[in-house]
Amino acid sequence: MPAGERAEALDLVARGAVTPLYEVFAKEDIARAVAKAAAGQVRFRAVVSY
């Protein structure tokens, strides 16, 4: 990524224009989270909440 594009991306993040997308799993559902990730069914990020 060229430096100008990187600076623009960082500026968007700093201004709060970027919203992270994630799916949260309870610690009891770790096996389901891993299975979904292995099957390619998790969009963006999978997070396990403790």
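The values are calculated or read from the model by the stated rules, or taken from the named source; none is laboratory data. The shown structure was predicted, so the numbers you read here are calculated from the model rather than taken from an experiment. All Cβ positions, even for glycine, are placed from backbone atoms using ideal geometry, and neighbour counts span all protein chains on display. With ligands, DNA and RNA removed, areas are computed over all heavy atoms of the protein, side chains included. Shrake-Rupley method; radii C 1.70, N 1.55, O 1.52, S 1.80 Å.
In deg cm²/dmol, rounded to 500, what helix-only [θ] at 222 nm does the chain give when every DSSP H run of at least 4 residues adds -39500 (n - 2.57) and the total is split over its residues?
One gets -12500 deg cm²/dmol as the mean residue ellipticity at 222 nm.
As an exercise, identify the trypsin sites (Lys or Arg not before Pro) in the chain lying in DSSP coil whose Cβ has no more than 13 other Cβ atoms within 10 Å.
Sparse-neighbourhood loop trypsin sites (Lys or Arg not before Pro): ARG15, ARG43.
What translational diffusion coefficient, in µm²/s and rounded to a whole number, does the Stokes-Einstein relation yield for the chain at 20 °C and a viscosity of 1.002 mPa s, taking the hydrodynamic radius as the Kirkwood radius over Cα pairs?
166 µm²/s
When the chain is treated as a GNM, springs tying every alpha-carbon pair under 10 Å, which of VAL34, VAL13, VAL24 comes out with the largest mean-square fluctuation?
VAL13
In Å², what does the accessible area per residue of the chain work out to with a 1.4 Å probe?
Here the per-residue accessible area is 85 Å².
To the nearest 0.05, how large is the calculated FRET efficiency for ALA14 and VAL48 if R₀ is 25 Å and r is the Cβ-Cβ distance?
0.35
Simple spin-label model, 7 Å along Cα-to-Cβ: TYR22 to GLN41 in nm?
Taking the simple label geometry, TYR22 and GLN41 are separated by 2.1 nm.
Taking all protein chains as present, what is the carbon and sulfur share of the accessible area of the chain, in % to the nearest whole number, probe 1.4 Å?
Carbon-and-sulfur percentage of accessible area, whole number: 57.
Taking 8 Å as the Cα distance limit and 6 or more residues as the minimum spacing, I'd like the relative contact order of the chain as a percentage.
In percent, rounded to a whole number, it is 40.
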